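Scroll down for the structure; my scribbles are underneath it.
The values are calculated or read from the model by the stated rules, or taken from the named source; none is laboratory data. This structure is a prediction, so every number in the text was calculated from the model and none was measured. Every residue, glycine as well, gets a Cβ built from its backbone with ideal geometry; the counts of neighbours run over all protein chains shown. Quick note on the areas: whole protein, heavy atoms, side chains included, nothing else; ligands and nucleic acids left out. Shrake-Rupley method; radii C 1.70, N 1.55, O 1.52, S 1.80 Å.
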Amino acid sequence: MQKLILIIFLFLALLSCKPGLVESSGYNLLLQNILDEQVPVISVAQLEQLGGAILLDSRSKEEFDVSHISKAIFVGFDDFDVSRVANLDKSQPIVVYCSVGYRSEKISQKLRNAGFKDVRNLYGGIFEWVNQGNEVVDSKGQNTSRIHPYSITWGIWLRKGDKDYGTN
């Protein structure tokens, strides 16, 4: 009986997911449970169409050095300080990302509190970016297939690329 209740719960949860933001319904369900969406989200497809947005990477320096979205600016998470982005135009569109979207959501909130007007969180993060076949670059700006999956637990959502855990 408990298995049937669990199956029904999972089925109903999947029905309530936002369609089209990420390719995996399981990943989408996870994201809906960890994000509070106090900051507008943007899908990978919407980001590709946006053009001209400033990309901020809110992962650790180690993750960023393994790979990041081309032209992204490292801002970090644990030691983030708004002074790192003081030179940016506060009216320019900004998209913040991390591995899945949790850390970037927190940094996005800080940016909005600091007066940045058009800040969005990349829904599904760099994992979804790579899962949808987009390229990333290493610390030298060269295309790479390596992705830092943050941890083995979170790495299950990264379906493409070569997982590189660095020294974690």
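Summary of values
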| quantity | calculated |
| --- | --- |
| Complete set of residues in the range 31-60 that are surrounded by 13 or more Cβ atoms within 10 Å (Cβ to Cβ) and modelled with pLDDT under 85 | Glu37 |
| Enumerated helices (runs of 4 or more DSSP H) restricted to the range 78-160, each holding at least 2 residues that are within 15 Å of the chain's Cα centre (by Cα) and of a type in the set (Phe, Trp, Tyr) | 125-131 |
| Evaluation of Glu128 against (1) surrounded by fewer than 18 Cβ atoms within 10 Å (Cβ to Cβ); (2) closer than 22 Å to Arg159 by Cβ; (3) not basic (Lys, Arg) (one fails), failing number | (1) |
| Unmet requirement for Ser83, which otherwise passes all of (1) open to solvent by less than 20 Å² (accessible area, probe 1.4 Å); (2) hydroxyl-bearing (Ser, Thr, Tyr); (3) without any contact (Cβ under 8 Å) to a residue 12 or more places away in the chain | (1) |
| Residue in the range 146-160 that is of a type in the set (Gly, Ala, Ser) and within 18 Å of Ser70 (Cβ to Cβ) present | no |
